[in-house]
1. Name the long-range amide H neighbours of LEU154: under 5 Å, sequence gap of 5 or more, or other chain; modelled H, no Pro or chain starts.
2. Would you work out the relative contact order for the chain, in percent, from Cα pairs under 8 angstrom that are 6 or more residues apart?
3. Using only DSSP helix segments of four residues or longer, with each worth -39500 (n - 2.57), what per-residue ellipticity at 222 nm results for the chain after dividing by its residue count and rounding to 500?
4. How far, in nm, would the chain grow between GLU100 and ALA25 when pulled straight, counting 0.36 nm per residue and subtracting the alpha carbon separation?
5. Please list the non-local residues whose amide H lies under 5 Å from the amide H of VAL149, H modeled 1.01 Å from N, same-chain partners needing a gap of 5 or more.
6. Bins of 10 Å, beginning at zero and ending with the bin holding the largest distance: percent of Cα pairs per bin for region 112-155, please.
7. Please list SER121, SER69 in order of solvent-accessible area, largest first, computed with a 1.4 Å probe with all protein chains present.
8. Stokes-Einstein D for the chain at 4 °C, 1.567 mPa s, Kirkwood Rh over Cα pairs, in µm²/s?
Amino acid sequence: MSDATSGVMRVVEITTTDTHALRRAVLRNADPARSVDFPEDDLTGTFHLGVVDGAGRIVATSSWVPKPSTEFPAATAVQLRGMATDASMQGTGVGGLLIEAGAERCAAAGFDLLWARARDSALAFYAKHACRVVGDGFVDATTGLPHHVVVRDLT
Ligand SMILES: CC(C)(COP(=O)(O)OP(=O)(O)OC[C@H]1O[C@@H](n2cnc3c(N)ncnc32)[C@H](O)[C@@H]1OP(=O)(O)O)[C@@H](O)C(=O)NCCC(=O)NCCS
């Protein structure tokens, strides 16, 4: 379990179910009719990290899936999925705490590469965390939003 901390904020391992509320609120426009399940959620090796505030509330979630990257198939890679910070906390640093804790855990576990299908609206966030864009942009089928693949070397 990760134990990264920043002030009262703690990064902890959470369950798949723990991710659902923020996935729905932040990534699915709070639409109760839309699925918040990812096919990779319960695969061996997948884990979920959240940021918990001083009141025990989960204020950010993320999912980490061992999965090769199309762009760098030889790398031992992990895909970051479902990055979501509670709207009231966006821009306060909790997402940064989360991605750094996850990247550190994955590097320690021997992964070479972190990759994600990033919303274009979040590219500045990923760039701040050592991620670079690879390839052309595309529209994600689930959200209809423009995306790019980003990668971060973990070695
Ligand atoms: C992208 C996101 C996960 C980052 O988490 P966060 O806790 O807001 O991030 P931090 O506070 O650590 O980092 C701040 C940076 O994130 C970016 N950011 C802040 N609010 C954002 C928002 N609503 N949407 C996208 N990026 C945002 C900015 O680049 C910001 O840098 P700045 O303060 O210098 O402008 C979060 O903003 C979010 O959930 N956004 C909406 C959903 C989303 O886009 N998820 C990612 C899907 S790939």
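1. Excluding prolines and chain starts, which carry no amide H, the hits are LEU113, LEU114.
2. Value for the chain: 18 percent.
3. -5000 deg cm²/dmol
4. Going from the current span to full extension adds 24.7 nm.
5. Counting only residues 5 or more places away or on other chains, the set is ALA118, VAL134.
6. That works out to 31, 53, 15, 1, in percent per bin.
7. Largest accessible area first, the residues go SER121, SER69.
8. Approximately 83 µm²/s, per Stokes-Einstein.
The values are calculated or read from the model by the stated rules, or taken from the named source; none is laboratory data. Predicted, not measured: the structure shown is a model, and the values here were computed from it. Areas reflect the complete protein model, heavy atoms only, side chains present, ligands, DNA and RNA absent. Shrake-Rupley method; radii C 1.70, N 1.55, O 1.52, S 1.80 Å.
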